[in-house]
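Here is the structure we will look at, set down as structure tokens.
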Amino acid sequence: DDIIRGHIRQQELALAKCEEASIKFNKYIGKQTIIMDMKGLSLWPRAGGISVFKRILQIDGKYYPETMSKHLIINAPWIFTGVWAMIKPWLDPVTANKIKVLGSNYHDTLFDIVDPSQVPIEFGGTSEMSLDEALIIDGEAEIKVDSMYEYQNNLLKQILSTLDSNAN
């Protein structure tokens, strides 16, 4: 559940950042390009990992439709190709076509989609921004999402408290 909650928080943060960017650039920005680095991932998936991944895909399809422009999975180990073959049929074909699974030779595909000036040096681009810095620029999105989660956590505690008192 922590992985699912973390993913939902990340999605909400991305939506808030899109809203910030829309205001900043005075034009609608509502889609994101996601780059997932699988470097260092174990060659053998953990038990339950596929079901968590499937659940994330279902959540994204239901609650975050059409927010993804492209999704690149880079440094994917060879075993992930087989896992991807199992997962891909669960997706809407339009969504599945937005996802590219790439090994360590990903730079040409990445730079066809994202300008190298927007990619951190650690991934072969020319941007000196680190991913940690990217998470705190402007800060408004983080504040908005944190307050939303505080509200949701308080509401969840109230609901659980009510359920516990009704059970007794």
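Data for the structure
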{"item": "Under-5 Å amide H pairs with Met36, H placed in peptide plane, nonlocal only", "result": "Leu72, Ile73, Ile74"}
{"item": "Under 11 Å, Cβ to Cβ, from Ile35 - net charge with Lys/Arg +1 and Asp/Glu -1", "result": "+1"}
{"item": "GluC sites (Glu not before Pro) restricted to the stretch 1-92 and DSSP loop, no more than 13 other C-beta within 10 Å", "result": "Glu66"}
{"item": "Surface share of carbon and sulfur [accessible, 1.4 angstrom probe, percent] for the stretch 76-127", "result": "55 percent"}
{"item": "Subset of Lys27/Lys70; Lys17/Lys88; Lys39/Lys70; Lys24/Lys100; Lys39/Lys98 violating a 23 Å alpha-carbon distance limit", "result": "Lys17/Lys88; Lys24/Lys100"}
{"item": "Amide H partners (placed H, <5 Å) of Val119, local residues excluded", "result": "Thr126, Ser127"}
{"item": "Accessible surface ranking that places the most exposed of Tyr63, Tyr106, Tyr28 first, with a 1.4 angstrom probe", "result": "Tyr28, Tyr63, Tyr106"}
{"item": "Area accessible to solvent at Thr33, 1.4 Å probe radius, in Å²", "result": "60 Å²"}
{"item": "Geometric extent, Cα atoms of the stretch 46-126 - Rg, Dmax (angstrom)", "result": "14.0, 39"}
{"item": "Accessible area, probe 1.4 Å, largest first, for residues Trp78, Trp84, Trp90", "result": "Trp78, Trp90, Trp84"}
{"item": "Trypsin sites (Lys or Arg not before Pro) restricted to the stretch 11-42 and DSSP loop, no more than 16 other C-beta within 10 Å", "result": "Lys27, Lys31, Lys39"}
{"item": "Solvent-accessible area of His7 with every protein chain in place, 1.4 Å probe, in Å² to the nearest 10", "result": "40 Å²"}
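The values are calculated or read from the model by the stated rules, or taken from the named source; none is laboratory data. Predicted model only: the values in this text are computed from it and were never measured. Reconstructed Cβ throughout: ideal geometry from the backbone, glycine too, with neighbour counts over all protein chains shown. Just the protein is used for accessible areas: all its heavy atoms, side chains included, with ligands, DNA and RNA removed. Shrake-Rupley method; radii C 1.70, N 1.55, O 1.52, S 1.80 Å.
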